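K.L.:
Just passing along the structure, written as structure tokens.
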Amino acid sequence: MRKVAVVGAGLTRFMRRAQETGPELAWLAASQALESCGLGLKDVDSVAIGTAPDAFDGVHMKGEYLAPGAGGWGRPVTRPYAGGGTGVLVPIHAWFNVASGLFDVCLVVAEEKMSTCHPHPQGAFVTIFDNILERPLEPNLIWIFALEMQRYMDTYGITKEEIALVSVKNKRNGLDHPSTHVAEEITVKDVMESEVMVSPVNRLDVSPVSDGAAAIVLVSEDVARRISDNPVWIDGIGWNLDTAYWTNRDLAYPSYVERAARMAYKMAGITEPRKQINVVEPYDPFSYKELHHLEGLLLCDKGQAAKITADGVTQRNGDMPVSPSGGLLGVGNPIAAAGLMKVAEIFWQLRGEAGRRQVPGQPKVGLAQAWGDLMQVGTVVVMRVD
Amino acid sequence: MGSSEQIDRVTDLRAWPGEFPVSHLYTMGIAGERFFRELKDNGRFLGSRCAACDHVYLPPSIFCPRCFAALDEWKEVGPQGTVRAVTTAHRGVDGTTLKTPETLALIQLDGADDLLTHRIKESEGLEIGARVAPVLKETPEREGSILDVRYFRAV
Amino acid sequence: MTERTLPGTPLSDEDMQQGKVLTLNWPASLRYEWDTGVAIGRFLRELKNGRIIGRSCHRCQRVLIPPRMFCERCFRPTDAWQFVQDSGSVNTYSLSHLRWDASRVEEPILVAVIEIDGSSQGGLLHYLGDVRPEEIHIGMKVKAVWKPAEEREGSILDIRHFRPIDTAQDGPA
């Protein structure tokens, strides 16, 4: 297998509702990613497109629909899919394109336009529940998260206040992100006093509904050495799926994330993740999910993520900065684009190009992770600079 | 390895009815907004041109899918055009037989390199290569929709 | 990528309501009939009979709820039907202030994952009832409250909800 590097990245603003069409958003991000590394569309060998369920955009065959704006005209295009995990699965898939030797340059584009689903994307979200056994109960999507969060809190004796610290941190970090539409300075009290949606989930525990796009450029080692002074290597990839019967799962611990992380760590030669990984972007659609995922990623002991958060370990200037971008809570959540935004953040952090978001200490190794499908997939990439 | 049990009584067969409770509100996009505004307000068709690829996109695009350049050269095309393909539909969108069959064509508006799909009326025996012109709704009735063009007919 | 202004054109609700941009509304009509299949078909028929049925896998010794005709762990057919109890314990719970479409409800909907007694950590999503919200806790023993037989139609809603086990009425848990 050949070494694969990220050499460029681009983003649109994240917005509650964008005027642009999906292909227009895709082009804004993709053309920027190519420009950032001095490549043009003529240099692109293949294209990988990530986008979540077609029901959001109300466009069937969404990969094909996005392809012209993603640089897919007349090229080999694929659309890997893992629901909310797509944003990190798509660079994993692009890695195959390049590592296999088939292509030297793969353009990776993720787009989401959730505002089209009207009046609210809940109509699309509810269809993730079992049509026969669960939808007759008229569930709301948030039920799954509320039930998982309650189980997590109860198993480890974690309080809502401790979990609220994740929202406080990420929404503050997001103030420094140019894509954000939801960053703000808030307190734990604000989270606790925000509207209870589905207990224990309050309004400020939840990431928003967003439109937006993200793109990165993956290249072979030869190309990377030629066009870039500081390529960011993709050292490890991992992904894993738990049972589709979510009511049969251990809701307190995401073992599928652990399996995905172990796969990526083995490939990247990481034996002590807590010491070797300098900056982390775990998936944070809900405040507790950042904690859940840090534990699944073996970056702290089970039930200890709230404590390291309270101790400041996960702040930008902490020992292990977590979601320095602001994450989904602080920047926005155009599903697949949000996951790829996390990969782009690690790219900028490792190159020292994250501006006001830059974590100190010249991080060498970073990790991005996403999660989704029927709430049971973990997707992980480990990245490194020389 | 098959399943160890099968349904052998018809009365045990059952399907659970349901739906995807979604509806969609689309924006026209940046290029689409310009295209449909021009159609609504002035009854004209706008394409966008990529000079490098020498291609006029219709409907217009803010980027060139061929070379990824940003496009800002807007160009009026049509209103007349040439039929590049034609068909007559006898079934409607739900599969039922139409009382009046409907003729549809792919039309290349003059000056555009891409094709537009639309209805054809008042045009017996239309063939590929025929010249057609749009019949627009009156200005006050136009909404910024492809249906602001009622249909095309032979010139 | 740091301080520069990123591309994108945000629209406000007012922009949409006041027609500042053109829009197209499409009420989708996506209707389906999902086959219940062998396992869930039988499960629903037994609900109509007021019973909960699972499938057992003799290799991993699990009793599966919801039932399936294959064991996804052993990747072989499951072996037998097995009735389980209509009682269980609360694996986790929530109070939902939102309906499915995100509109608010006055009284919260009490929801839980119930681990069904006699199954191998087999869980069902369902409602809790006949209980004050503050009494609900993980591990609480509960029992199904069925609709009267003549109202049951082979649906998960043939169970109205699960209520706390009352040792006086139900005997020791």
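Nothing in this text is a laboratory measurement; each read-out follows from the coordinates by a stated rule. Not measured: the values here are computed from a predicted model. All Cβ positions, even for glycine, are placed from backbone atoms using ideal geometry, and neighbour counts span all protein chains on display.
K.L.:
I'd like the mean, over residues of A:120-132, of how many other protein chain beta carbons sit within 10 Å of each residue's own Cβ.
P.N.:
Mean partner-chain Cβ count within 10 Å for A:120-132: 6.
K.L.:
Report, as an integer, the average count of C-beta atoms from other chains found within 10 Å of each Cβ along A:147-155.
P.N.:
Rounded to a whole number, the mean comes out at 5.
K.L.:
Right, next: Let's test this: bin the Cα-Cα distances of region C:9-113 at 10 Å from zero up to the farthest pair and state each bin's percent.
P.N.:
11, 21, 26, 19, 11, 10, 1
K.L.:
Show me, bin by bin at 10 Å from 0, the whole-percent P(r) of region A:290-359 based on Cα pairs.
P.N.:
Values per bin, smallest distances first: 20, 48, 30, 1.
K.L.:
I would also like to ask the following. If we restrict to alpha carbons, what Rg and Dmax does chain A come to, in Å?
P.N.:
19.1, 58
K.L.:
If you don't mind, another one. To the nearest µm²/s, what D does Stokes-Einstein give for chain B at 25 °C and 0.890 mPa s, using the Kirkwood radius over alpha carbon pairs as Rh?
P.N.:
132
K.L.:
Going by C-beta contacts inside 10 Å, put A:44, A:380 in order with the fewest on the left. Can you show the working numbers first?
P.N.:
On the way: A:44 22, A:380 32.
In order of increasing Cβ crowding within 10 Å: A:44, A:380.
K.L.:
What angle do you read, to the nearest 10 degrees and between 0 and 90, between the alpha-carbon axis of helix C:37-48 and the longest principal axis of chain C?
P.N.:
70
K.L.:
Could you work out the longest stretch of chain A that avoids the GluC sites (Glu not before Pro) located in DSSP loops with at most 16 other Cβ atoms within 10 Å? Working shown, then result.
P.N.:
Values: sites that count: A:184, A:185, A:195, A:353.
With a cap of 16 other Cβ atoms within 10 Å, the longest stretch comes to A:1-183.
K.L.:
Now, a different point. Counting residues in the protein assembly as shown as N, plug N into 2.2 N^0.38 Å and put the Cα Rg over that result. Working shown, then result.
P.N.:
On the way: Rg = 27.7 Å, N = 714, 2.2 N^0.38 = 26.7 Å.
Compared with the compact-globule rule of thumb, the protein assembly as shown sits at 1.04.
K.L.:
Scan around residue B:63 for amide H atoms under 5 Å from its own, H built in the peptide plane at 1.01 Å from N, and keep only partners 5 or more places away or cross-chain.
P.N.:
Residues meeting the amide H criterion: B:71.
K.L.:
Rank-order A:83-91, B:129-137 by packing density, defined as the average count of other C-beta atoms within 10 Å over each peptide's residues, highest first.
P.N.:
In descending order of packing, they fall as A:83-91, B:129-137.
K.L.:
By per-residue mean of other Cβ atoms within 10 Å, what is the highest-first order of C:130-138, A:223-231?
P.N.:
Sorting C:130-138, A:223-231 by mean packing, highest first, produces A:223-231, C:130-138.
K.L.:
What whole-number distance in Å separates the alpha-carbon centres of region A:50-113 and region C:72-113?
P.N.:
34
K.L.:
Counting pairs of alpha carbon atoms under 8 Å apart in space and at least six apart in sequence, what relative contact order in percent does chain A give?
P.N.:
On the way: 975 pairs, mean separation 98.6, N = 386.
Value for chain A: 26 percent.
K.L.:
Then there's this: In region A:7-69, which chymotrypsin sites (Phe, Trp or Tyr not before Pro) fall in coil by DSSP and have 11 or fewer other Cβ atoms within 10 Å?
P.N.:
Loop-located and lightly packed - none at all.
K.L.:
Using the Karplus equation 6.51 cos²θ - 1.76 cosθ + 1.60 (θ = phi - 60°), what ³J(HN,Hα) coupling, rounded to whole Hz, does each residue of region C:17-30 give in order, writing x for Gly and Pro?
P.N.:
After applying 6.51 cos²θ - 1.76 cosθ + 1.60, I find 5, 8, x, 5, 10, 6, 9, 9, 9, 10, x, 5, 10, 10 Hz.
K.L.:
Could you quote the convex hull projected area for region C:37-170, Cα atoms only and averaged over all directions, in nm²?
P.N.:
Seen from a random direction, the Cα hull of region C:37-170 projects 9.4 nm² on average.
K.L.:
On to the next question. What are the ³J(HN,Hα) couplings of region A:135-145, residue after residue, when phi is run through the Karplus curve with 6.51, -1.76, 1.60 and θ = phi - 60°? Round to Hz, x for glycine and proline.
P.N.:
5, x, 7, 6, x, 9, 3, 5, 3, 4, 6
K.L.:
Could you estimate the translational diffusion coefficient of region A:236-386 from the Stokes-Einstein equation, with Rh from the Kirkwood formula over C-alpha pairs, at 10 °C and 1.306 mPa s, in whole µm²/s?
P.N.:
Estimated via Stokes-Einstein, D reaches 105 µm²/s.
K.L.:
Quickly work out the residue B:74-to-residue A:364 label distance, labels modelled 7 Å from Cα along the C-beta direction, and quote it in nm with one decimal.
P.N.:
5.5
K.L.:
In terms of modelled amide H atoms, which long-range or inter-chain residues lie less than 5 Å from the amide H of residue B:151?
P.N.:
Counting only residues 5 or more places away or on other chains, the set is B:135.
K.L.:
Pairs A:171/A:289; A:3/A:169; A:3/A:266; A:42/A:113; A:62/B:40: which are spaced more than 24 Å apart, C-alpha to C-alpha? Working shown, then result.
P.N.:
Details: A:171/A:289 15 Å; A:3/A:169 35 Å; A:3/A:266 16 Å; A:42/A:113 27 Å; A:62/B:40 28 Å.
With Cα atoms farther than 24 Å apart: A:3/A:169; A:42/A:113; A:62/B:40.
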